[in-house]
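**Student:** The structure under discussion is supplied below as structure tokens; questions concerning it will follow.
The values are calculated or read from the model by the stated rules, or taken from the named source; none is laboratory data. As the structure is a prediction and not an experimental result, all values here were calculated from the model. Note that we place each Cβ from the backbone using ideal geometry, even for glycine, and neighbour counts take in every protein chain shown. For the accessible areas, the whole protein counts, side chains as well, though only heavy atoms, and no ligand, DNA or RNA atoms are used. Shrake-Rupley method; radii C 1.70, N 1.55, O 1.52, S 1.80 Å.
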Amino acid sequence: MKSFVFVAILLVIGHKLSPCEGKVLVSVYYESLCPDSIRFISNQLYPNVQDPGLRDFIDVEFIPFGKSSSHPNGNTVEFTCQHGPAECEGNRLQSCVLHQIPNQPAEQLNFVACQMNFQAEPTGEVCATSSDVDWQSVQQCYQSSLGTQLQLDAEVRTNGVLPLTNFVPTIVYNNVFDKTLHERSLKDFRKVVCEQLKYEPLACHIK
């Protein structure tokens, strides 16, 4: 009987420390030149998702659009962005880069963290190539209707969330917006992520 109890305890402990049943999905709605977006990604998101004790428990998706808007102009679509034309270019660029590496979360994270930096090279080429993205393919996307469509898709998704908070970046967990979690994430992303996990990894108990 004692042996059975001991084995049961070991199984529970092993289950507790194993990768959680269902990762937490973090959706980041941001814009390329937004200082608050840059600070969140640099100071909260990137260091925690990179943490070896947490990265297997977090999936991240990036939606670069923010407080932008589209409007038709003849046969084309134009975009207006909160921080001007350069931000529209940055949003479109990031959409195209992310589109090139859809199933490579580490490369996506590295690119966004590299580009969302106050000292980032503005064209995006350095960050894209350092994340193993083909720059010629990015340029083709950027200059084509694909780049426009990616931004229109981002606009639809953003418009479903941003009006609930009117703040960029907007952080959503598991496709359900919660204003309290969003606001807390801006200052303590790690704690909020740990709370969303069914089984907290050891890293959640290490400061």
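**Student:** May I ask you to list pairs of residues, at least six apart or on different chains, whose Cβ atoms are under 6 Å apart, with the first in segment 137-161 being within 16 Å of V77 (Cβ to Cβ) and the second being part of a loop (DSSP other than H, G, I, E, B)?
**Tutor:** A154/F65; E155/F65; T158/F65
**Student:** Starting from segment 57-83, take each residue that is closer than 16 Å to G147 by Cβ and list its partners that are modelled with pLDDT of 95 or more and basic (K, R), counting only C-beta distances under 9 angstrom and pairs at least six apart or across chains.
**Tutor:** Within 9 Å, the pairs are I63/R157; P64/R92; F65/R157; F79/R92; C81/K67.
**Student:** Does segment 190-201 contain any residue that is touching a Lys or Arg at 6+ places or on another chain (Cβ under 6 Å), over 14 Å from Y29 (Cβ atoms), open to solvent by less than 90 Å² (accessible area, probe 1.4 Å) and among the β-branched types (V, I, T)?
**Tutor:** Checking segment 190-201: at least one residue is touching a Lys or Arg at 6+ places or on another chain (Cβ under 6 Å), over 14 Å from Y29 (Cβ atoms), open to solvent by less than 90 Å² (accessible area, probe 1.4 Å) and among the β-branched types (V, I, T).
**Student:** Considering segment 140-155 alone, what residues qualify as being open to solvent by 80 Å² or more (accessible area, probe 1.4 Å) and within 17 Å of G90 (Cβ to Cβ)?
**Tutor:** Q143
**Student:** Which residues, taken from segment 189-203, are in contact (Cβ under 8 Å) with a residue 24 or more places away in the chain, farther than 13 Å from V49 by Cα and part of a helix (DSSP H, G or I)?
**Tutor:** Scanning segment 189-203 gives Q196, L202.
**Student:** Hey, another quick one. Output yes when any residue across segment 34-41 is polar (S, T, N, Q), at pLDDT 95 or above and open to solvent by 70 Å² or more (accessible area, probe 1.4 Å), and no when none is.
**Tutor:** No, that holds for no residue.
**Student:** In segment 85-106, what count of residues is obtained for those that are under 15 Å from the mean Cα position of the chain (by Cα) and surrounded by fewer than 19 Cβ atoms within 10 Å (Cβ to Cβ)?
**Tutor:** The total comes to 7.
**Student:** Another question, then. Out of segment 58-84, which residues are among the charged types (D, E, K, R) and either within 19 Å of N166 (Cα to Cα) or loosely packed, with under 12 Cβ neighbours inside 10 Å (or both)?
**Tutor:** Hit for segment 58-84 is K67, nothing else.
**Student:** Let me ask something additional. Out of the residues in segment 167-187 that are open to solvent by 60 Å² or more (accessible area, probe 1.4 Å) and free of Cβ contacts under 8 Å to residues at least 24 places away in the same chain, which is nearest to H83 (Cα to Cα)?
**Tutor:** E183
**Student:** Let me ask another. Would you mind telling me which numbered condition in (1) within 17 Å of I38 (Cα to Cα); (2) open to solvent by less than 60 Å² (accessible area, probe 1.4 Å) Q119 fails?
**Tutor:** Going through (1) within 17 Å of I38 (Cα to Cα); (2) open to solvent by less than 60 Å² (accessible area, probe 1.4 Å) one by one, Q119 breaks only (2).
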